[in-house]
1. Could you check the spin-label model distance between Leu180 and Phe81? Points 7 Å from the Cα along Cα→Cβ, value in nm.
2. How big is the accessible area of Thr32 in square angstrom, nearest 10, if you roll a 1.4 angstrom probe over the protein chains?
3. By how many nm would the segment from Phe108 to Thr42 lengthen if fully extended, with 0.36 nm per residue of separation less the alpha-carbon distance?
4. To the nearest 10 square angstrom, what accessible area does Lys154 show with a 1.4 Å probe?
Amino acid sequence: DMLGFLKPRIMEIISGPPQQFLTIAIIGIIWTASSSVEGCRTILNRAYRVHFPPPYILRRLLSIVEFFIVVFLMIIGMFIFIIIPDILNFIEKKFLLNFDFNVKFLHFRYFLIFALLFFANSLLYFFIPSSRQKITQTIPGSLLVSILSIVLFKIFVFYVTNFNQFNIVYGSLAGVISALMFFYL
């Protein structure tokens, strides 16, 4: 019964539009997403008074590489904070252990969140501008941004838990909207 239900949908997906359009769409998505890095580069270049940035093509290629680095750091962060606790809970249940991984890992997770944010911000402030930076110059700004980001995320979590009107306004899309707001913040 399940095969009879799924087979038409699978055939529809397989016989869909040619894959070349998907490749073009992915290239467009990467190009557009790297524009956020290019915007940060423009802002930091103005802040550091860089009058002659590198050629446009080189800047865009650097933005694409830096975008992939940011995505990689986000994936590492999600792995650390979402998948590892599930793996630890699975190990605890599978082997009937009682180490209470959640409590021990919770405090370590906060340290890892801060360290990952600090590391990512330091790398961004160090590599994105078109002028040479000393890593010691980027540390105060990275520290401030990391602390303020965590405070802002805590305020957002407090707002979502205590003033939960997303379901009323957005209906079934409330989770998507709140996740997008989180990433926007």
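The values are calculated or read from the model by the stated rules, or taken from the named source; none is laboratory data. Bear in mind that the values here come from a model prediction, so they are computed numbers and not experimental data. Because the Cβ atoms are built from the backbone with ideal geometry, glycine has one as well, and the counts that use them run over all protein chains shown. Surface areas here come from the heavy atoms of the whole protein model, side chains and all, with no ligands, DNA or RNA. Shrake-Rupley method; radii C 1.70, N 1.55, O 1.52, S 1.80 Å.
1. 2.1 nm
2. Spelled out: Thr32, probe radius 1.4 Å, area about 90 Å².
3. Details: separation 66, 0.36 × 66 = 23.76 nm, distance 3.57 nm.
Contour length minus the Cα-Cα distance gives 20.2 nm.
4. Accessible surface of Lys154 is approximately 100 Å².
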